[in-house]
1. So which of Leu68, Leu52, Leu48, Leu74 ends up being touching a His at 6+ places or on another chain (Cβ under 8 Å) and of a type in the set (A, V, I, L, M)?
2. Only residues that are closer than 30 Å to Gln8 by Cα and in contact with a helix residue (DSSP H, G or I) (Cβ under 8 Å, 6 or more places away or on another chain): list them for the stretch 29-70, please.
Amino acid sequence: EQKAQIKQIMDAAHAELKAQRDTGRGLHDQMRLLFTQPTVDARAAEVLRAQLVAQHDQASKRMMQAMLEVSRVLTPEQRAKMADMAGQRRAMMERRGQPQPK
């Protein structure tokens, strides 16, 4: 039952995040186009930067919301086990030379 609940939570989050990623890609495309112009409009660049930051913040909030929802499904012991597993994955990736975001 827990797996089904978590799957539902994460599927919903992933669907929303996909739409946000598409928006972010569009903003990055606009930024690239802006910097290919003969003269770069500093105000337009700042507007796009602010939009990218806001989009990233929105995605971060949505992921946190999903994590909080999942945390309510799991027991404290299960959450501790997941934290240990995440630490092991991080250590493995660092040993392979693939630094993880902090």
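1. On the way: Leu68 fails: touching a His at 6+ places or on another chain (Cβ under 8 Å); Leu48 fails: touching a His at 6+ places or on another chain (Cβ under 8 Å); Leu74 fails: touching a His at 6+ places or on another chain (Cβ under 8 Å).
Exactly one residue qualifies, and that residue is Leu52.
2. Our first condition is that a residue be closer than 30 Å to Gln8 by Cα; within the stretch 29-70, this holds for 51-70.
The answer is Gln51, Leu52, Gln55, His56, Gln58, Ala59, Arg62, Met63, Gln65, Ala66, Glu69, Val70.
Rule-based calculations on the coordinates, nothing more; no lab input. Note that the structure is predicted; figures quoted are calculated from it, not measured. Because the Cβ atoms are built from the backbone with ideal geometry, glycine has one as well, and the counts that use them run over all protein chains shown.
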